[in-house]
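K.L.:
Got a structure for you, questions after.
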Amino acid sequence: MTYGVIALIVIFQPELRRMLEQLGTNKFTKFFGIGLEKNVETKTKEDIYKIVIAAKEMANTKTGGLIVIERDIQLNDIMDTGVKIDADVSPQLIVNLFVPKTPLHDGAIIISKNKIAAAACILPLSDDKKITRGLGTRHRAALGISRETDAIAVVISEETGKISIAKDGNLIADLKEEALKNILIKNVVTKRFSAGETRKTHAPKFLKKLKKKKESKEEK
C-alpha cells in the first residue's frame, strides 16, 4: 500500500507542483472562491496608484487629461460615446492615450471594473457659471460628470500642469501626489469595500437624454 502511494506521488509530481504553484494565484482563488473580494480590493488599490503615477507624469509634462473613475452608477452610455479599450489599467497606457494630436487624446477615459473601459468619451459640461468661471472644457466636463453621477474625475491641466479632482459637483484644485492618492483611496476603495459593493444600474438624467438621442439617430 505504501509503495502504491509513493508511486502515485511520483507519477503525478508535475501536476502537484503546478497546483501548488497556482495556490496563491488569482486563477486558483477565483476557481475555489477563496479571497476573491480581497483580490479585487487589492487590485483596485493598485489601479489607484497607477492612476496617480500617470497623473503625476502628465502634470510634469503639462499633458492635458481627464480620467473618470466609475463608482456605483454605471457609465455604459458614456462609454458608448467613445472608443472601447477594455485594457488593464497601466500608467503607460493612460499617458499614451492623452498624447496630443493622437486619435484618442480628446475626451475622457473611463475606468470601470478595474479596466480602462473606453477612451475619447464625451461628458456633460457643467453650466454653473459661479463654479466654472475661468475653467477650461476638461474641468467643466469633470464637474459635469461628477454632478450628474457619483463618478470621480481626475483632471490634469495642459496649461498649468496642476491636478484637480471633481467630486459631487465640487472641484478640489492643485493637488499634490499624496493628497490625490489619499482622496482616491478614501472615495473609491474605502467606501466601496467597507460598505459592500452595491452598483446602481439606473441612469441619471444626462445619461437618459444621451440614450434617447442615440436611439433617435439609429431610427433615422
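The values are calculated or read from the model by the stated rules, or taken from the named source; none is laboratory data. This structure is a prediction, so every number in the text was calculated from the model and none was measured. Neighbour counts run over all protein chains shown; Cβ positions are idealised from the backbone, glycine included.
K.L.:
Taking the stretch 72-89 as the region of interest, how many residues are surrounded by fewer than 18 Cβ atoms within 10 Å (Cβ to Cβ) and of a type in the set (Gly, Ala, Ser)?
P.N.:
1
K.L.:
Based on what the data block shows, is Ser146 under 25 Å from Ala173 (Cβ atoms), modelled with pLDDT under 95, polar (S, T, N, Q) and not in a strand (DSSP E or B)?
P.N.:
Details: under 25 Å from Ala173 (Cβ atoms): yes; modelled with pLDDT under 95: no; polar (S, T, N, Q): yes; not in a strand (DSSP E or B): yes.
So Ser146 does not fit the description; no.
K.L.:
State which residue pairs qualify: first residue more than 17 Å from Val188 (Cβ to Cβ) and touching a residue at least 24 places away in the same chain (Cβ under 8 Å) and inside the stretch 65-89, second residue small (Gly, Ala, Ser) and assigned to a helix (DSSP H, G or I) in any location, beta carbons under 8 Å apart, and separation of 6 or more residues or different chains.
P.N.:
If the second residue must be small (Gly, Ala, Ser) and assigned to a helix (DSSP H, G or I), the pairs left are Gly65/Ala54; Gly65/Ala55.
K.L.:
Among the residues of the stretch 144-155, how many are more than 20 Å from Lys45 (Cα to Cα) and in contact with a Leu (Cβ under 6 Å, 6 or more places away or on another chain)?
P.N.:
Initially, the stretch 144-155 is screened for residues more than 20 Å from Lys45 (Cα to Cα), giving 144-149.
Those left that are additionally in contact with a Leu (Cβ under 6 Å, 6 or more places away or on another chain): 144-145.
Total meeting the criteria: 2.
Residue-wise test of (1) of a type outside the set (Phe, Trp, Tyr); (2) over 13 Å from the mean Cα position of the chain (by Cα); (3) under 20 Å from Thr149 (Cβ atoms).
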residue: Thr63; (1), (2), (3): yes, yes, no
residue: Arg71; (1), (2), (3): yes, no, yes
residue: Asp77; (1), (2), (3): yes, yes, yes
residue: Pro103; (1), (2), (3): yes, yes, no
residue: Ser112; (1), (2), (3): yes, no, yes
residue: Ile116; (1), (2), (3): yes, no, yes
residue: Ala119; (1), (2), (3): yes, no, yes
residue: Arg133; (1), (2), (3): yes, yes, no
residue: Gly136; (1), (2), (3): yes, yes, no
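K.L.:
May I ask you to say which residue of Lys113, Lys167, Lys162, Lys217 is basic (Lys, Arg) and at pLDDT below 85? Spell out how you get there, then give the answer.
P.N.:
Values: Lys113 fails: at pLDDT below 85; Lys167 fails: at pLDDT below 85; Lys162 fails: at pLDDT below 85.
Being basic (Lys, Arg) and at pLDDT below 85 holds for just one of Lys113, Lys167, Lys162, Lys217, which is Lys217.
K.L.:
Counting only residues that are buried (at least 17 other Cβ atoms within 10 Å of the Cβ) and not aliphatic (A, V, I, L, M), how many does the stretch 46-55 have?
P.N.:
Number of matching residues: 2.
K.L.:
A further question on this structure: Looking at the stretch 156-181, I want the residues that are closer than 19 Å to Glu46 by Cα and without any contact (Cβ under 8 Å) to a residue 40 or more places away in the chain and have a partner that is part of a helix (DSSP H, G or I) and of a type in the set (A, V, I, L, M, F, W, C) with Cβ atoms under 6 Å, at least 6 apart or on another chain. Which pairs are those?
P.N.:
Pairs that qualify, where the first residue is closer than 19 Å to Glu46 by Cα and without any contact (Cβ under 8 Å) to a residue 40 or more places away in the chain and the partner is part of a helix (DSSP H, G or I) and of a type in the set (A, V, I, L, M, F, W, C), are Ile165/Ile183.
K.L.:
Looking for something touching a helix residue (DSSP H, G or I) at 6+ places or on another chain (Cβ under 8 Å), within 16 Å of Asp77 (Cα to Cα) and not hydrophobic (A, V, I, L, M, F, W, C) - is there at least one such residue anywhere in the stretch 131-143? It would help to see each step written out before you state the result.
P.N.:
Initially, the stretch 131-143 is screened for residues touching a helix residue (DSSP H, G or I) at 6+ places or on another chain (Cβ under 8 Å), giving 131-132, 135, 139-140, 143.
Imposing the further condition that a residue be within 16 Å of Asp77 (Cα to Cα) reduces the set to none.
There is no residue in the stretch 131-143 that is touching a helix residue (DSSP H, G or I) at 6+ places or on another chain (Cβ under 8 Å), within 16 Å of Asp77 (Cα to Cα) and not hydrophobic (A, V, I, L, M, F, W, C).
K.L.:
Another question, if that's okay. For residues that are in a loop (DSSP other than H, G, I, E, B) and touching a residue at least 24 places away in the same chain (Cβ under 8 Å), scanning just the stretch 106-127, find the one that is surrounded by the most Cβ atoms within 10 Å (Cβ to Cβ). Reasoning before the result, please.
P.N.:
The initial filter retains those residues of the stretch 106-127 that are in a loop (DSSP other than H, G, I, E, B), namely 106-107, 113-114, 122-127.
Remaining after also requiring touching a residue at least 24 places away in the same chain (Cβ under 8 Å): 107, 113-114, 122-124, 126.
Working: Gly107: 23, Lys113: 11, Asn114: 13, Ile122: 14, Leu123: 29, Pro124: 21, Ser126: 22.
For the stretch 106-127, the residue satisfying everything is Leu123.
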